[in-house]
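Only one structure is covered here, and it is reproduced in the block below.
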Amino acid sequence: MAMASLLAVLGMSGGELIIIFAVILVLFGAKKIPDFAKGLGQGIKEFKKASREVQDELERAASDSPPPTPPPAPTPQPDANAVAQTAAAAPAAPVNAPEASAIEPHSATTTPAAKS
């Protein structure tokens, strides 16, 4: 049934197929046709083997996914009493601010050209 539907799609009847096979037999001879069929069969076999290897490789790569990374270890929280005792015992650090005499006021009227 499948062959009949395939031939119907190609628009060939039984008589046309017999003529095509006869022409192939005349052109290539009875000894070459089995060699062609053998080569065609080996080519199909190699193609199926290669496609199976590719499919197996893809399945292997999908199954070899890296394990999930573990969550980071929680950091220990300091005790609230220990923090309060440390803050009370530590002296306050002085703030390093520039001295007022080191900062010169910016004057809009004084320019390098005006000084000379």
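Karplus-based coupling profile of region 34-48, in residue order and whole Hz: x, 5, 5, 5, 5, x, 5, x, 5, x, 5, 4, 5, 4, 5, with θ = phi - 60° in 6.51 cos²θ - 1.76 cosθ + 1.60 and x standing for Gly or Pro. Spin-label model, residue 38 to residue 64: label points 7 Å out along the Cα-to-beta-carbon direction sit 3.8 nm apart.
Here, each number is a calculation from the coordinates, and none is a lab measurement. The model shown is predicted, which means the values in this text are computed figures rather than measured ones. FYI the Cβ positions are ideal-geometry reconstructions off the backbone, even for glycines, and counts take in every protein chain you see.
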